[in-house]
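Okay, structure first, notes after.
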Amino acid sequence: MKTKLDYYRIFYEAARHSSFSTAARHLYISQSAISQCIHQLEKDLNAQLFIRSRRGISLTKEGELLFQKVESAIGAIEQGETILKRLHHLESGSLTIAAADAITTHYLLPFLEQFHANYPGIRLEMANSYSYHMLQMVKEGKAELAFVNLPLADEELIIEPCLEIHDIFVCGPEHPRKNRYRWDEIAEEPLILLETNSASRRFLDAEFLKKHITLTPQIEIAAHELLIQFASIHLGVSCVVKEFAKDALKQGKICEMPLSPPLPPRHIGCAYLKHNPLSKPAQEFLHLIKEK
């Protein structure tokens, strides 16, 4: 485009007000500058845009045609500026977060509630899958933030630890239990564990393999809440996240079977793209997380 966009803004203002002097006041430039720009625009387009008379200016047929298009274009630009301003002030927009049900229920829920209260114009969307798949969602642009069970690593992502968690074994209140369990003793119990494609299960298997113990569960399930419920009705011994099972422990629905030594702590982490700037809503959500 050989004609400067500023010329079209000047043409638009002059045509809208049917006056070079009024356009000059609106644009904070001299009337002579307005006349020169219009002259240059007419030269560039090889068309007369205004009829000049003692009573002022009016558009020619060519000018009316151009004005319709310029008015539409400037309206679209102004609309875009308004949208960006609203996004910057978190008055509109959306944020997609990927997280497992247990992480959402026991960790993210208060932050989601606070974020919505602070920024009701932002539409929150949640996605759910295994940790590995949620990392893929971030890399494919289907989610901006993913809260996952660590340890996990990916060269394309920044993965920041957010919450330290502790894995423990639990049973129903009527299950025979001791004050302390060796790791090989726990392995002999009727185990209920998460499926092998979960990050939590891979962590558990790896820690036991360090002691040359292979875990062979009787039941494998996908949901952390079912681990608690199955143990509470004496279907076996579950490995759960202590921080996510505190209510059931407090109510006596399940009881801890302490390992000696205990499993090492791990973390819930937040993953996002390394080389892409986070949106304003994502920045603010992470800010809420880091404040706590």
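Values for this structure:
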item: Among the candidates 220, 185, residue that is part of a strand (DSSP E or B), without any contact (Cβ under 8 Å) to a residue 40 or more places away in the chain and not assigned by TED's automatic domain parsing to the domain that holds residue 148; result: 220
item: Residue count, the range 3-28 (criterion: outside any helix (DSSP H, G or I) and buried (at least 16 other Cβ atoms within 10 Å of the Cβ)); result: 1
item: The listed residue being polar (S, T, N, Q) and under 18 Å from residue 5 (Cβ atoms), out of 36, 48; result: 36
item: Residue match in the range 252-264 (condition: over 25 Å from residue 183 (Cα atoms) and not charged (D, E, K, R)); result: no
item: Selection from the range 162-182 of residues that are assigned to a strand (DSSP E or B) and either of a type in the set (A, V, I, L, M, F, W, C) or modelled with pLDDT under 95 (or both); result: 162, 163, 165, 168, 169, 170, 171
item: Conditions (1) touching a Leu at 6+ places or on another chain (Cβ under 8 Å); (2) surrounded by fewer than 20 Cβ atoms within 10 Å (Cβ to Cβ): number failed by residue 192; result: (2)
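Table: residues versus (1) in contact with a strand residue (DSSP E or B) (Cβ under 8 Å, 6 or more places away or on another chain); (2) over 24 Å from residue 165 (Cβ atoms); (3) hydrophobic (A, V, I, L, M, F, W, C); (4) in contact (Cβ under 8 Å) with a residue 24 or more places away in the chain.
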site: 30; (1), (2), (3), (4): no, yes, no, no
site: 33; (1), (2), (3), (4): no, yes, yes, no
site: 37; (1), (2), (3), (4): no, yes, yes, yes
site: 56; (1), (2), (3), (4): no, yes, no, yes
site: 78; (1), (2), (3), (4): no, yes, no, no
site: 108; (1), (2), (3), (4): yes, no, yes, yes
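The values are calculated or read from the model by the stated rules, or taken from the named source; none is laboratory data. What you are looking at is a predicted structure, and each value in this text was computed from that prediction instead of being measured. Cβ sites come from the backbone with ideal geometry, for glycine too, and all protein chains shown count toward neighbours.
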